[in-house]
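Asks: Sharing a structure, written as structure tokens. Questions coming.
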Amino acid sequence: MTSRERVVKALESDRPDRVPRDLWTLPGVRLNRANELKRMYELYPSDIGAPLFRYGKSLRQKGTEGVVGTYTDEWGCEWTVGEVGVSGEVKNPPLADWSALDGYTPPWELLEGVDLAATNAYCQSTDKFMRAGTHVRPFERMQFLRGTENMLADVLMQTDEFFRLRNMIHDFNIRELEMWANTKVDAVSFMDDWGAQSNLLIDPDLWRELFKPLYREYCEIIKSSGKYVFMHSDGHIRAIIPDLIEIGVDAINSQLFCMDIEELGKTFKGKITFWGEICRQRIMPFGTSDDVRNAVRRVRRALDDGQGGVIAQCEWGVNDPFENIAAVFEAWEKPLEAV
């Protein structure tokens, strides 16, 4: 069974020969632990790959992400980085004052002059399942541009400027997703961190009113081209999982250990694919390899019935031991009856 076939069978709950693997790495791992990363891929090759693709040249971007100091992203947000290999934080959001909105435009140049032919050729040359990552993250993008406190107040105030900014970002996202819909990738993903440690960041009804329609349109664009929809969201997002299923999200990457994993399994197993993860707040950086194996066993007991609907995903943080990452995939390799 090829990687592509394996992932599709997992998404369709059609009994893949094993659970597909997907390893994420923070920039610090790629920069400073390249030999360990190479060894991990030799031991446990990922079934999900990223397409060969380069966005257009940004007019605003300056500096280098993941290096201590500051850099400016494609949307003009200045990030302050205090630790090598992490994204950092936006300290001076460019639209903190609404007066700056009139002269602001999205970075349309990112979507101009891109070589989709090379992307398609690469997708067709591999048997890995190709997932396209995107800039699509409307809530977070608004936070980066406005600042988190301003943005949370904006959700409540719902001024004309709030809707102008939301719709401006949404228009960019639509154009980007339409571009990916015309490629040979197998799936397209978007993200937004909606959860705090124990609740959604905003009232679920406000989420349904203000943001769910955006995600519905994203899903429609992706699915109309015969591709799968992948979404990532940090935190406790239990309240909106039924909505994500309803609008057509096929696979959700979430912080399972912020929620009741067993309840998630009882309620949603077979309705959506759980695309990871193993706790990266405590267990992956600070636990032992046995702690990691026990965490995987817990996830498998709740979510893995051998039919599919799960992907063995974890994120390799800059301080996570090599042995803990290996333990994740080792535990997923065990026969289901041994769990």
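Asks: Being closer than 26 Å to THR183 by Cβ, open to solvent by less than 30 Å² (accessible area, probe 1.4 Å) and aliphatic (A, V, I, L, M) narrows it down to one of LEU37, LEU23, so name that one.
Replies: LEU23
Asks: Mind telling me which of the residues GLY49, GLY28, GLY69, GLY85 ends up being within 21 Å of the chain's Cα centre (by Cα), on the phi > 0 side of the Ramachandran plot and in contact (Cβ under 8 Å) with a residue 12 or more places away in the chain?
Replies: On inspection, the qualifying residue turns out to be GLY85.
Asks: Another question, if that's okay. Just to verify a result, which residue in segment 252-294, among those that are of a type in the set (Ser, Thr, Tyr) and more than 18 Å from GLN307 (Cβ to Cβ), is most open to solvent (accessible area, probe 1.4 Å)?
Replies: Result: THR288.
Asks: Here's something else I'd like to know. Output yes when any residue across segment 142-156 is among the small types (Gly, Ala, Ser) and farther than 24 Å from PRO204 by Cβ, and no when none is.
Replies: No, every residue in segment 142-156 fails to be among the small types (Gly, Ala, Ser) and farther than 24 Å from PRO204 by Cβ.
Asks: Taking segment 219-238 as the search range and keeping residues that are open to solvent by less than 40 Å² (accessible area, probe 1.4 Å) and assigned to a helix (DSSP H, G or I), which one is nearest to PHE274 (Cα to Cα)?
Replies: CYS219
Asks: Looking only at segment 109-144, count how many residues are in contact with a helix residue (DSSP H, G or I) (Cβ under 8 Å, 6 or more places away or on another chain), assigned to a strand (DSSP E or B) and either under 12 Å from LEU52 (Cα atoms) or open to solvent by 30 Å² or more (accessible area, probe 1.4 Å) (or both).
Replies: The total comes to 2.
Asks: I would also like to ask the following. Could you run through segment 299-339 and say how many residues are assigned to a loop (DSSP other than H, G, I, E, B), farther than 14 Å from LEU256 by Cβ and either of a type in the set (Lys, Arg) or under 22 Å from the mean Cα position of the chain (by Cα) (or both)?
Replies: 6
Asks: Just name the residue that is farthest from the chain's Cα centre (by Cα) out of those in segment 145-202 that are among the basic types (Lys, Arg) and over 24 Å from ASP250 (Cα atoms).
Replies: Going through the qualifying residues, I end up with ARG164.
Asks: Could you count how many residues in segment 239-251 are in a loop (DSSP other than H, G, I, E, B) and open to solvent by 10 Å² or more (accessible area, probe 1.4 Å)?
Replies: The total comes to 2.
Asks: In addition: Which one of the conditions (1) assigned to a helix (DSSP H, G or I); (2) closer than 25 Å to ILE325 by Cβ does THR267 fail to meet, given that it meets all the rest?
Replies: Of the numbered conditions (1) assigned to a helix (DSSP H, G or I); (2) closer than 25 Å to ILE325 by Cβ, the odd one out for THR267 is (2).
Asks: Among the candidates GLU149, GLU178, which residue alone is assigned to a helix (DSSP H, G or I) and closer than 17 Å to CYS77 by Cα?
Replies: Matching residue, one of GLU149, GLU178: GLU149.
Asks: Return the pair list, or none, for Cβ contacts closer than 8 Å from residues in segment 134-149 that are without any contact (Cβ under 8 Å) to a residue 40 or more places away in the chain to residues that are open to solvent by less than 30 Å² (accessible area, probe 1.4 Å) and charged (D, E, K, R), at least 6 apart or on different chains.
Replies: MET142/ASP154
Asks: Here's another thing I want to ask about it. Output the qualifying pairs, or none if there are none: Cβ atoms under 8 angstrom, residues six or more apart or on different chains, first residue in segment 210-235 and over 22 Å from ILE311 (Cα atoms) and touching a residue at least 60 places away in the same chain (Cβ under 8 Å), second residue part of a helix (DSSP H, G or I) and open to solvent by 30 Å² or more (accessible area, probe 1.4 Å).
Replies: LEU214/ARG166
Asks: With the checklist (1) over 30 Å from PRO106 (Cβ atoms); (2) in contact with a Ser or Thr (Cβ under 6 Å, 6 or more places away or on another chain) in hand, flag the one item GLU74 doesn't pass.
Replies: Checking GLU74 against (1) over 30 Å from PRO106 (Cβ atoms); (2) in contact with a Ser or Thr (Cβ under 6 Å, 6 or more places away or on another chain), the one that fails is (1).
Asks: Let me ask another. Do we have LYS62 as of a type in the set (Lys, Arg), without any contact (Cβ under 8 Å) to a residue 60 or more places away in the chain, open to solvent by 70 Å² or more (accessible area, probe 1.4 Å) and within 25 Å of ALA326 (Cα to Cα) here?
Replies: Spelling it out, it is not the case that LYS62 is of a type in the set (Lys, Arg), without any contact (Cβ under 8 Å) to a residue 60 or more places away in the chain, open to solvent by 70 Å² or more (accessible area, probe 1.4 Å) and within 25 Å of ALA326 (Cα to Cα).
Asks: So, in segment 65-108, of the ones that are in contact with a Cys (Cβ under 7 Å, 6 or more places away or on another chain) and not in a strand (DSSP E or B), which residue ends up surrounded by the fewest Cβ atoms within 10 Å (Cβ to Cβ)?
Replies: Taking the candidates together, the pick is PRO94.
The values are calculated or read from the model by the stated rules, or taken from the named source; none is laboratory data. Not measured: the values here are computed from a predicted model. Note that we place each Cβ from the backbone using ideal geometry, even for glycine, and neighbour counts take in every protein chain shown. Remember, those area values only see protein heavy atoms, side chains included, never the ligands or the DNA or RNA. Shrake-Rupley method; radii C 1.70, N 1.55, O 1.52, S 1.80 Å.
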